[in-house]
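See below for the structure under consideration.
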Amino acid sequence: MGEFHQEAWPDWATEKISIAAPDPAWLNKGLHEVAELKQLLAQYGVVQIEHIGSTSIPGMPAKPIIDVMAKIQSFEEIDRIAEMLEVHRWSYVPPELDGRTYRRFFVRVRNDRRECHLHLMLDKEPRWEKQLQFRDRLREQPKWAQQYAELKVKLAQENQDDREAYTAAKTEFILRVLGS
């Protein structure tokens, strides 16, 4: 791949972080995305797909982007998967741009704004269980969910133009929840 210049990136790649009030429709949207992706990805050996992230936690303010992760046996067919998903408006973000070698990342965009993320992870990837554990603990513990919501709003204001800093700043809280 050639060199990437930020000025050539699509608008969605550099959009500001915006936290929306909780929307009960996010859970249904997540279910819809999971069902659709199960059909699309079944031919590639994907059997488990989960709605994750803040939109999967009832009552949680969030970036209004549905995050879905899918378990896959290998990344060998990633080019074929990317071609097939592109027909369904999914843009592949190569690992050298994504910066996370443990996954293959796709973004679906509408009106120059992200509406959905797909994280393809290998079957034995430890982050898979951690994502589910974090989601489930916040669903079960309203106190943690409230603390996380407050932290997200604060960090979004402080890091509006820096997604990486926003994500990194949440790490301490996430590790505390996972370690409990």
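By how many nm would the segment from D161 to L175 grow when fully extended, if each residue of separation counts as 0.36 nm and the alpha-carbon distance is taken off? List each step's numbers first, then the result.
Numbers: separation 14, 0.36 × 14 = 5.04 nm, distance 2.40 nm.
Gain on extension, D161 to L175, equals 2.6 nm.
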Review point. Just from its helices, what would the mean residue ellipticity at 222 nm be for the chain, if runs of 4 or more DSSP H residues each count -39500 (n - 2.57) and the sum is divided by every residue, rounded to the nearest 500 deg cm²/dmol?
Key: -13000 deg cm²/dmol
Study note, to complete from the structure: Highest GNM mean-square fluctuation among E150, E76, E158, for the chain with Cα springs under 10 Å, belongs to E76
Practice item. Within the range 35-56, find all residues whose amide N lies under 18 Å from a label point positioned 7 Å from the Cα of A20 along Cα-to-beta-carbon. Key: 51-56
Practice item. Please report the relative contact order for the chain, taking Cα pairs under 8 Å with a sequence separation of at least 6, and give it as a percent rounded to a whole number. Key: 22 percent
Exercise for review: Check cross-link reach from K143 to the aspartates and glutamates: straight Cα distance under 20 Å, and skip same-chain residues fewer than eight apart.
Suggested key: D23, E172
Practice item. Mind giving me the nanometre distance, one decimal, between the label points for Q133 and H32, set 7 Å out from Cα along Cα→Cβ? Key: 3.3 nm
**Study point:** the range 99-141: projected area of the alpha-carbon convex hull, averaged over directions, in nm²
**Key:** 4.2 nm²
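FYI, it's all coordinate maths here, none of it is from the lab. Worth saying up front: this structure is predicted, and the values here are computed from it rather than measured. Every residue, glycine as well, gets a Cβ built from its backbone with ideal geometry; the counts of neighbours run over all protein chains shown.
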